[in-house]
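Notes follow once the structure below has been shown.
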Amino acid sequence: MQIKAPRGTYDILPDDAVKWQFAEKTIRRTAERFGYREVRTPVFEHTELFERGVGVTTDIVSKEMYTFKDRSQRSLTLRPEGTAPCVRAFIEHSLYGGVLPVKWYYLGPMFRYDRPQTGRYRQFQQFGVEVFGSDNPFLDAEVILLLINILSELGLTDYEVHLNSVGCPQCRDAYRHKLIEHIRPVREKLCDDCRVRFEQNPLRVLDCKNETCHLAITGYPVLMDHLCSECREHYEIVQAALRENRVTYIHDDNLVRGLDYYTNTAFEVHIPGIGAQSAVGGGGRYNGLVQECGGPDLPGIGFALGMERLLTALDSREGENTLSRGIPVFVAVMGAELEGTGLKLLQELRQAGIECDKDYNQRSPRAQLKYADKLGARLVVLLGEEEAQKGILSIRDMQSGEQISITATEAVSFIQKKLAESGEENAG
Ligand SMILES: [Zn+2]
Ligand SMILES: [Zn+2]
């Protein structure tokens, strides 16, 4: 039987990998411009980290984790998200005692046992940032500006920013009572999940994707009307800073994050053009999380971006296909006895930083030229018996058809010059 990739996973073949490389490079460069530095944490962690750091009542922890026992019977979990591992690393290395804030980004695979559907995978890639050690509302604005700058660097301009404040534990407490009073009479109309949520954490009922639940609770009190003066001021500064930087946003009362460690700013970014799963990223403040995970009482903020959805958005842009690229130089070897000379020339070119290749399947000279064309070669170095004896090489420009002979010793510098003229990137 043929073995296929597991359900909910996919391969990125080289033609697509070019797009991934472009997106990843652009994102890293933008994050670094904002003063963020990369952190890499393990792909699996102790299960308890996510139970504490994500919350046992969340769908992620209660239904979607890849949890297993290792050979020593420890419970481990493939990371379903990137924030809890960052918090763990921040505490474990005692970075709270150093220079603050700490500004981190990460990029890598996450794992959730979700029902696979368009745009959702069981192994998926996330880019995210976390900042620890500042409660400044201008930082909230900077984090949102980073997300937006990433999108515009990628050429994605048709995004929508949704913004809300979820307050602090104090103002949320008063609000929660109002919400419970509102929902209690209609509790029976809610879906099974929401009835459990209502008992555990009524704010999460607002998060339900189920239309009937939304109808049942219609007219519910909004958190915005219950913010304390500090939380209100924080939100006002964030909004003013965004306006100052000409970011248009939509205030969204439905944008609540039900867990207690989330505080103040919450946001999501949508790209409406990519279909029902239009949210490409989101995040917010989590001033209670570091302490929840066993660290000191230090504020934090972050966001995560789904790379697959970003790539979908990139694909949906019109007439954009400048990313496919070939190998710039091909060495055509005219005869089996010159293979060794050909490989030696490749080695010289590669050491000089030039991307190049040759045939390894005994193609005829004519077939090698066709092959070079398929690979997208701009220059073909023709290495024949006669040339080898005289110590010269012929170089053909595949675009103009022009062909010139040069001595073997000047080949590398000649090719470098030719490629530079045609704008080929050249590390040499
Ligand atoms: Zn408050
Ligand atoms: Zn529901």
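The values are calculated or read from the model by the stated rules, or taken from the named source; none is laboratory data. Computed from a predicted model, the values in this text were never measured in an experiment. A quick note on method: Cβ atoms are made from the backbone with ideal geometry, for glycine too, and the neighbour counts reach across all protein chains shown. Each accessible area value is taken on the protein alone, full model and side chains, heavy atoms only, with ligands, DNA and RNA left out. Shrake-Rupley method; radii C 1.70, N 1.55, O 1.52, S 1.80 Å.
Annotations
- Sequence-distant residues sharing a close amide H with residue 113 (under 5 Å, placed H): 65, 66
- Highest-first packing order for the peptide set 213-221, 277-285 is 277-285, 213-221, based on the mean count of other beta carbon atoms within 10 Å.
- Between the residues 276, 295, 365, the greatest Cα displacement towards the positive end of the dipole of region 250-409, with unit charges on the Cβ of Lys, Arg, Asp and Glu, is found for 365.
- Solvent-accessible heavy-atom area per residue, rounded to whole Å², over the chain at 1.4 Å: 52
- In percent, rounded to a whole number, the relative contact order of region 105-202 is 16, using alpha-carbon pairs under 8 Å and six or more apart.
- Proximity of backbone amide H atoms, modeled 1.01 Å from N, is registered between residue 392 and 408 at under 5 Å, excluding neighbours fewer than 5 places apart on the same chain.
- Overall Cα dimensions of region 67-160, principal axis frame, Å, largest first: 46, 43, 17
- Accessible surface ranking that places the most exposed of 260, 297, 15 first, with a 1.4 angstrom probe: 15, 297, 260
- A protection proxy built from the mean count of other Cβ atoms within 10 Å ranks the segments 268-276, 327-335, 397-405, most packed first, as 327-335, 268-276, 397-405.
- 222 nm mean residue ellipticity, helices alone, for the chain (DSSP H n ≥ 4; -39,500 (n - 2.57); rounded to 500): -10500 deg cm²/dmol
- Surface accessible to a 1.4 Å probe, residue 176 within the full protein complex, Å²: 40
- Overall, the accessible surface of region 83-140 at a probe of 1.4 angstrom is composed of carbon and sulfur to the extent of 50 percent.
- Shape class for region 1-118, computed from the alpha carbon gyration tensor (a ≥ b ≥ c): oblate, with a/c not under 1.5 and a/b at or below b/c.
- Phi to ³J(HN,Hα) by Karplus 6.51 cos²θ - 1.76 cosθ + 1.60 over region 204-214, Hz, x for Gly, Pro: 6, 4, 5, 7, 4, 8, 7, 4, 5, 5, 4
- On Cα atoms only, tilt of 14-33 relative to the major axis of the chain in degrees: 60
- Per residue, the average separation of C-alpha pairs within less than 8 Å and at least 6 apart gives the chain a relative contact order of 14 percent.
- FRET efficiency for residue 186 and residue 62, using Cβ-Cβ distance with R0 set to 25 Å, rounded to 0.05: 0.55
- Restraint check, 4/69; 69/103; 19/344; 25/69; 69/209, Cα-Cα greater than 29 Å: 69/103; 19/344; 25/69; 69/209
- Residues 64, 244, ordered by accessible area of protein heavy atoms at a 1.4 angstrom probe radius and largest first, appear as 244, 64.
- Simple label model, 7 Å out from Cα along Cβ direction - residue 196 to residue 400, nm: 7.1
- For region 105-110, 3J(HN,Hα) per residue [Karplus equation, 6.51 cos²θ - 1.76 cosθ + 1.60, θ = phi - 60°, Hz, x = Gly/Pro]: 10, 9, 8, x, x, 10
- Relative contact order %, region 160-214, counting alpha carbon pairs below 8 Å whose residues are six or more apart: 27
- Alpha carbon convex hull of the chain, projected area averaged over orientations, nm²: 28.1
- Peptides 180-187, 137-144 ordered by packing proxy, namely the average of other Cβ atoms within 10 Å per residue, highest first: 137-144, 180-187.
- The listed residues 231, 191 rank as 191, 231 when sorted by accessible area, largest first, using a 1.4 Å probe.
- The phi torsions of region 192-202, fed into the Karplus equation with coefficients 6.51, -1.76 and 1.60 and a -60° offset, translate into couplings of 4, 4, 5, 5, 5, 4, 4, 6, 7, 6, x Hz, rounded to whole numbers, with Gly and Pro shown as x.
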